[in-house]
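*Asks:* Sharing a structure here in structure tokens format.
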Amino acid sequence: MLQNPSCTKPGCPFKGGAEKGVCTGTSGYLAHYEVQDILAKQNKKKRAIQVIHDREAAVKYFSWDNDQWISFDDRETFAQKVKWADSLGLSGSLIWASDLGDYDNNAHKTLTGNEKLEKRGSLKPVNDMEKVIADTSSFLGKGCEMLDKIEEDITAYKGALELKTTKELVGYDAHGCKAKKGKTCGEPIVCPISAGFKDKCMWRGSGGDCNGQCREGEIKIAGSSWGGSPGESGTNRCSRGGKQLCCQVGLDKINDGCYWTEGWPTRKKVAYATEIHEKCWKHDESLKKRLHNKGGERELSAVK
């Protein structure tokens, strides 16, 4: 925020932080798409903004709404920066950060000079696959929950739980609690006994930044910045990022009841499990008809 609206050059004093961007929500910087949006809206309102090109610094800037000020890059300034990097023999350049660009990837196009870069809409298949993975993890962990209550003695809670219910303790989240001498406290994380997760779960993530990630063959059951036991690290809180309680999935249980069949009518061997821990779809005439209408490349069968 400019101290004197009439002084808009680099070096002019500021009296405070600028207004927050509508999406970034942080005073002090704007995303590339927010800068472009301001320019487009001001021009639409016929309030022409005077954009200044500082050729020596290879940057552009402008002021608006009396005391707001921002510097930014566009096709010209990116070209200047790339030329300067080439003159130094640098092997490449990058934009920080890509997610602050618009959906047409205009910032990357202007930096690289490649107008054939696809729009972000082309990432939809990847995003859809990530959703499938998340939904699958949620389904496989169905019935698991982190109880919103700190137990002062996890060991005693575990014994009582397994006597009274069909669930069992697979871990706990310390959640910053202070345990009494000789005891362990935290928020219990329980799963159905039928899930088979007992002694197969681990809190992933360590160090200040944590960055917990489940490994191959594991699914996420819970997340926290504290973590607990069993775990790769202690229960100190992450300064950034988070930890994940990951449990090993028994693929034999997922595939139980399914077997390979001769696909109809193309004879391709395909099988799909549609109900975990129960059974697969049984082949019937209505299914055959539906598959035939779609090109008929699958047949689903089950063994009871």
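The numbers here are math on the coordinates, done by the rules we state, and not lab data. Quick caveat, the model's predicted, so the values are computed rather than measured. Note that each Cβ is placed from the backbone with ideal geometry, even for glycine, and that neighbours are counted across all protein chains shown.
*Asks:* What trypsin sites (Lys or Arg not before Pro) does region 6-61 have in DSSP loop regions with at most 15 other beta carbons within 10 Å?
*Replies:* LYS15, LYS20, LYS45, LYS46, ARG47, ARG55
*Asks:* Please compute the net charge surrounding CYS23, taking Lys and Arg as +1 and Asp and Glu as -1 over other residues with Cβ under 12 Å from its Cβ.
*Replies:* So the environment of CYS23 carries a net charge of -3.
*Asks:* Fewest first, what order do CYS247, CYS12 take by the number of other Cβ atoms within 10 Å?
*Replies:* In order of increasing Cβ crowding within 10 Å: CYS12, CYS247.
*Asks:* Can I ask one more? Amide H to amide H under 5 Å from GLU168: which residues, 5+ apart in sequence or cross-chain, H placed 1.01 Å off N in plane?
*Replies:* Residues meeting the amide H criterion: CYS191, ILE193.
*Asks:* While we're looking at this one, here's another question. Give, as a single signed number, the net charge of other residues whose beta carbon lies under 13 Å from the beta carbon of ASP67, with Lys and Arg counted +1 and Asp and Glu -1.
*Replies:* Computed value for this residue: -1.
*Asks:* Here is a further query. I want the local charge near THR110. Using Cβ-Cβ distances under 10 Å, sum +1 for each Lys or Arg and -1 for each Asp or Glu among the other residues.
*Replies:* -2
*Asks:* In Å and on Cα atoms, what radius of gyration and Dmax does region 14-99 show?
*Replies:* 14.6, 44
*Asks:* So if R0 is 25 Å, what FRET efficiency would LYS116 and LEU88 give, r being the distance between their Cβ atoms, rounded to the nearest 0.05?
*Replies:* 0.35
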